[in-house]
Amino acid sequence: MDQVLAVEVAGLHIPDAGPVFFAALAVHVLAGGAAVVSGALAATAAKRPGRHPRAGTVYLYAISAVFGTASVLAALRWRQDWHLFVIACVACGLAWFGRSARRRGRGGWMAWHGGAMAGSYAALFTGFYVDNGPQLPLWDRLPHLTYWLLPAAVALPLTWRALRRNGAMAGGSVGDRQEIAEERLDS
């Protein structure tokens, strides 16, 4: 008798690892979607009270849920998924570090906060592409190393530009730094 090792859902091959795996995977996918949307909202929002911290808080809890469910998924299939667990640890750890940097507000906090949150977001996409890239149209034609490197290659210049524009790094405009200092006094 042949044993079913994978189930196909929306064109993706999902390992058949039992009902706990499927339940954790369902929550994982929902949390990942929430993290993608809230992370994009936080990144594109003005860096002041309002949308940015609200979306950032949603991102923090969504990426924590991604980490929690990735832990369950990896525990059930450790040999196949240990590397995804490591990526989830990095993504969640960077998000909490970014939040901590903002809360402490010590010198250079904006660069630490922005860099950590951007790194967390890039790690989120890295995990997605490493796991799903070989099954995605067009992505399936790329070398496997691309799944590991492309999210960081896209994130680095965008993060550098955003940090400079917001005055978090040397070379940012004086007007930007003054505006941010005034916002900090208001909050």
Condition first: more than 25 Å from MET169 (Cβ to Cβ), in a helix (DSSP H, G or I) and free of Cβ contacts under 8 Å to residues at least 24 places away in the same chain. Now tell me which residues in the range 89-148 satisfy that. CYS89, TYR129, GLY133, PRO134, TRP139, ASP140, ARG141, HIS144, LEU145, THR146, TYR147, TRP148
When GLY32 is evaluated against the numbered criteria (1) farther than 25 Å from ASP140 by Cβ; (2) in a helix (DSSP H, G or I); (3) in contact (Cβ under 8 Å) with a residue 60 or more places away in the chain; (4) not hydrophobic (A, V, I, L, M, F, W, C), which criterion, by number, is the only one it fails? (1)
Please indicate, with yes or no, whether at least one residue in the range 15-23 is of a type outside the set (A, V, I, L, M, F, W, C), within 19 Å of the chain's Cα centre (by Cα) and not in a loop (DSSP other than H, G, I, E, B). no
Give the number of residues within the range 68-99 that are charged (D, E, K, R) and open to solvent by less than 50 Å² (accessible area, probe 1.4 Å). 1
Going through the range 37-67 one residue at a time, which ones are aliphatic (A, V, I, L, M) and surrounded by 15 or more Cβ atoms within 10 Å (Cβ to Cβ)? LEU41, ALA42, ALA43, ALA45, ALA55, VAL58, LEU60, ALA62, ILE63, ALA65, VAL66
What are the residues in the range 140-168 that are at pLDDT below 90 and either under 19 Å from VAL29 (Cβ atoms) or open to solvent by less than 70 Å² (accessible area, probe 1.4 Å) (or both), if any? ALA162, LEU163, ASN166, GLY167, ALA168
Enumerate the pairs (first residue in the range 41-65 and within 20 Å of VAL29 (Cα to Cα); second residue anywhere and not in a helix (DSSP H, G or I)) with beta-carbon separation below 7 Å, excluding pairs fewer than 6 apart on the same chain, so at least 6 apart or on different chains. ALA55/ALA45
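The values are calculated or read from the model by the stated rules, or taken from the named source; none is laboratory data. This one's a predicted model, so the numbers in the text were calculated from it and none came from an experiment. Quick reminder, even Gly has a Cβ in these numbers, built from the backbone with ideal geometry, and neighbours come from all protein chains shown. To get the accessible areas, we keep the full protein, side chains included, count just its heavy atoms, and leave off ligands, DNA and RNA. Shrake-Rupley method; radii C 1.70, N 1.55, O 1.52, S 1.80 Å.
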